[in-house]
Amino acid sequence: MEDSRIPSNEILRLAALKELNILDTPAEQDFEDIVTLAIQISGASIAIISLMDSNRQWFKAKIGTDLCEISRKDSFCEHMIQNDSFLIVEDTTADERFKNNKFVTGSPNVLFYLGVPIKNQQGYILGSLCILHSKKLALNHQQIKSLEILARQAASLFNKKSELIYSEKILSTYVNNTLDSIILLDKDKKIIDSNKVFQERAKKLLNKEYRKGESIFEYSHPSIHPLIEKYFAIAILGEEVETELFIPFQTAQNWYKVLFIPSKSLSDEVVGVVITLTNITKQKKYEKQLQALNEELNFHYTNSPLAVIKWDSDLIIKSWSGQAEVIFGWEASEIVEKSFNEINLIHESDLEHVKVYADEMLSGTISRLTSKNKNITKSGEVIYCNWHNSILMDENGKVISIISLVENVTDVINITKALEIKTNNYEALINSTDDIIWSIDTDYLLMTANNAFIQNLLADSGELYRIGDSVFKESIPEAISIFWKEIYDRIFLGKSFATNFSVPNSNPNVPDKSFEIKANPIFKNNVVVAAALSLSDVSEKRIAEQKLSESEANLQAIFETTDTGYILINKSLEVLSFNKIANDISSQNFFNVGKVPTNGTPILDYFPIERRPILQKMMQEVLNGKRLEYEISFLQPNNTTNWYFVRLYPILSKKDQNYGLVMALSDITERKLANEQLKQSEMMFSDLAKNSPGIVFQFCVEPDGSSYFSYISDKGKKTFGFQVNDKNWQQNGRINQKERNAFFESINQAIIHQKDWNYEGEMETKDGKRKWFQGLASPTIKDGKIIYNGISLDITERKIAEEDRKNLRKLELSLAKEKEINNLKSRFISLTSHEFRTPITAIVSSVDILDIHSIKIGNQELQSKIKEHINKILFQTSRLDTMLKDILTIEKTAGGKILVKPQPLDLHKFLYDLNEQYYVDRKDGRKLKLILPEKIREIMTDPSLLSHVISNLINNAFKYSIKAQNPELLVEYHTDFYSITIKDYGIGIPLEEQEHLFETFFRANNVQNIEGTGLGLTITKEFTQKLGGNLSFISKPFEGSAFTIKLPYNL
């Protein structure tokens, strides 16, 4: 049965995916940046850019998983492709499509999924950008919109990658498979690049290894240097030059058709010259022979441009012409009488199909066959040849031999344009090409024509052409006749030329056809008597040139849009090019010499003289293959310092030849400032630790179970004798012997469950005094270690006070003394709280700045570690800030600074809004149950104080009833007052400690491991009294608590 999940356009979609040519390619930073942004936008733990193959989902970029691909049957995105739009699944365990998926039931236990399709330009979904999380996520419209934008960016990257790969492949194929030598020169006539044909000929003719950056005169014969100067000067002004040159090297003397073509930038500026050399020695040779023989063809087959090879019915070579010796290198004496299997003539890639069609010809199934094959010469060189094969039969119809006419198409194939077709060999040659070749006399009568001419002109005019006919048939449209007459008349003026024209295609989606006309006059006694012409279809060449131009434009766009400044430098340490960012940086006084880089000038001129020697040494090391990175600073005119990160790395060719270097400049001034601010924050934290009333510490537990203090403030060392990195700290005898077991057990339990540590105990100081302390710490995980950051407070006075209360306050302080102490306490609390808040604010500000700039760090691992520590600092400072706020609130209450501002209030709406804002979407899924009377009464009270009272009691109800029944809020209206009761079904309050519940900093023994300050209920009671009411409670251990507020209707 057909899988219903497979899209209806699957075949076309997979074809588009294959054409993309991206599957199984290495990871790339552009895609990694996208998934990193997806994580930051959504808060998910996993983000993936993937492509959907026929039976697998392959990951191009990923964060949060080690998988590189998964089976398509296990894919979440398969359903997104089927829907043809983005897909959100908020709870996979409740979705029939996903609840049994192995990635839901097992690691990574995916609960939330969102997939956004990645489409190509034709609208086929090739893959997706997806995020996954083990918990529910609530994404807003803007977040989803941002993820869709990231998916479109990924699709754009995929399309650009595919186009660039295709363009480079076409360009490389064209340049390196032509037989012409191609050289690119700069304005100083230095070689920027060349193809392998030129490099091989340079080595063969000059015995010289090719090196970029050298003058063209190093690779040319002295006799043509003046001509090169002449034609280069014309081309550099923007005019194309075509000429023929005789180059008399000692090892080879050849004629070449040479083109000097201006090389232009995207802004149409001439930046160099391209020289192409086509070996026309053979053409010249045959032209000379043709003139000497007065246009009579009487070539011996050994002098034909086609090699003639005769095979018998056993594929044994019986005849091997002189041209075969030229093409393949074997002399006839070496190869005649050898069989096909004895010689290495056909390249292995073509061997099998050559054997097949040889068998078909010997069987008589095929009488004539033309093919293009890769061949191997005697020297091992690979060449391309057209083979035109015909069979010879005896009178009985039995094949007795195969005649092969072989054309070396790696050489110039148009050397036969002016030759008359008088022999079968020559006729086969001109009829084997796809170009249209013909000649006419001065009366416009057809002299010679190949089959392509006959077939194409027959198709155009509907009339058959014969030798001697006028080329202007009556059936040919007048406009076409006028066009060709102008061409013919131009030839009859006695000059050779080449021109191009295009024929529009009726289908707007198909490119126009492009053609090239090459025309040469035929002279007799210095008088033009005829014209020879060829017409070639160059459409594919024009398309390749256009794609090359587009590829170069794309690369230039990338070069100009990056946020890093780049300067390209040649081996002579001269500026080749630079982008806008580099120009902007230099204008910011980067080089400190008042100059902006200019192409062609020495790069060292832009640095202060004292820095040039070391920079020159560094650049020479880079030219030798080394990569260097360093930071550098410059004092600006406004006396500020700018910092830059400089990278130097070599520019290598495909053969690892070094032809320059790149200087990459990144402005890191903001990062430096952030680091400096971070150092100041660390110093501030150190000062805070030194001046803290408690002992600040960091406690580390290794994976092997060993533990030690990785940091402890000086007060801890002096008071209890603990030392940093001492793994025998447990032998410290200052812990009360009666409490040692409970003390270590509390630490072990915190470590085992990786939860907060909160313990009160008694220790002996170094001077022999017994002190009570309270230890508070929170864990974090790093590199397998459990690290507790915390503080130890001296609570001896509190413990003494508690003991005094238990003994019915045997020693009561006088009222005057108590007021004095309260005043001192209020001033101390206010001063201490405000002094703590200043460094806390500085720490949070510095951490926020560090968080903003950490996004720019390229190292993902380092960025992740910094983010982890930032979150820890923010969490701990938030806790400390909350405690300070509570302390300040108590101080304001005690000092009568809390003002009551009564106003009319709809109590029901007030409670509904409070519940909707804070308790509807809790992470643990629990809810607050509201029980309100049907009748609504308006009250007069202070909404701010009432909100604080109710919120604190609701928060406590949730905090002390984890995994229990949902808390409840009950409102009752009485005659003279109304009451609000908040009830939970949690751990309750021990009976013996209920009398101390509203005392400042009091916390019951059963909540020591639950986060809290012991101030909340004190503040709640004070605010209730400010509202003219009272607060009472009923509680039973393990059953829960109910707190009731009774308030007047009118305050």
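Coordinate-derived values only; no laboratory data. Since this is a predicted model, take the numbers as computed values, not measurements. Cβ placement follows ideal geometry from the backbone for every residue including glycine, while neighbour counts extend to all protein chains displayed.
For the peptides 271-280, 440-449, 476-485, 597-606, the ranking by mean Cβ contacts within 10 Å, running from highest to lowest, is 271-280, 440-449, 597-606, 476-485. Go ahead and run the numbers for FRET between ASP921 and LEU351, Cβ-Cβ distance against an R0 of 60 Å, rounding to 0.05. Here the calculated transfer efficiency is 0.25.
Gain on full extension, evaluated as 0.36 nm per residue between ASN109 and GLN253 minus their Cα-Cα distance, stands at 44.2 nm. Would you list, by chain and number, the lysines whose Cα falls below 26 Å from the Cα of LYS288, excluding same-chain residues fewer than 8 positions away? Excluding near neighbours in sequence, the set is LYS257, LYS417, LYS422, LYS495, LYS518, LYS524.
Among the listed pairs LYS782/LYS865; LYS119/LYS547; LYS935/LYS1021, a Cα-Cα separation exceeding 19 Å is found for LYS119/LYS547; LYS935/LYS1021. On full extension, the segment bounded by LYS580 and ILE39 gains 191.6 nm, given 0.36 nm per residue less the C-alpha separation. The modelled label-to-label distance between MET940 and ASN728, using points 7 Å beyond Cα along the C-beta direction, is 7.5 nm. Evaluated at q = 0.19, 0.20 Å⁻¹, a Debye calculation over the C-alpha positions of the range 918-1047 (equal weights, vacuum) places log10 I(q)/I(0) at -1.17, -1.28.
When a/c reaches 1.5 or more, the comparison of a/b and b/c decides; with that in mind, is the range 10-172 rounded, prolate or oblate per its Cα gyration tensor? The shape class here is prolate.
Neighbouring Cβ atoms within 10 Å as the yardstick, rank VAL696, VAL900, VAL949 fewest first.
Values: VAL696 20, VAL900 13, VAL949 26.
The fewest-first ordering by Cβ neighbours comes to VAL900, VAL696, VAL949.
The H on the amide N of LYS513, modeled in the peptide plane, is under 5 Å from the matching H of VAL503, ASN505, each at least 5 residues off or on a different chain. Amide H contacts of SER401: LEU392, each under 5 Å away and 5 or more positions distant or on a separate chain (H built 1.01 Å from N in the peptide plane; Pro and chain starts excluded).
Distance between the 7 Å Cα→Cβ label points at THR598 and PHE634: 1.8 nm. Sorted ascending by nearby beta carbons within 10 Å, beginning with the fewest, CYS68, CYS385, CYS130, CYS700 become CYS68, CYS700, CYS385, CYS130.
Extending 7 Å from Cα along the Cβ direction at ASN21 and again at ASP605 yields two label points whose distance is 4.2 nm. Taking the number of Cβ atoms within 10 Å of each Cβ as an exposure proxy, the fewest-first ranking of SER128, SER265, SER536, SER577 is SER265, SER577, SER536, SER128. Only beta bridges with both residues in the range 178-279 are counted; by DSSP, about 100 percent of them are antiparallel. Per-residue Karplus couplings for the range 440-455, computed as 6.51 cos²θ - 1.76 cosθ + 1.60 with θ equal to phi - 60°, are listed in order as 9, 8, 6, 9, 6, 9, 5, 9, 9, 6, 8, 4, 4, 5, 4, 5 Hz, Gly and Pro entered as x. Separation of the alpha carbons by more than 27 angstrom is noted, of LYS60/LYS102; LYS355/LYS398; LYS203/LYS617, for LYS203/LYS617.
Taking amide H as placed 1.01 Å from N in the peptide plane, the amide H of ASP53 sits under 5 Å from that of TRP58, each at least 5 places away or on another chain.
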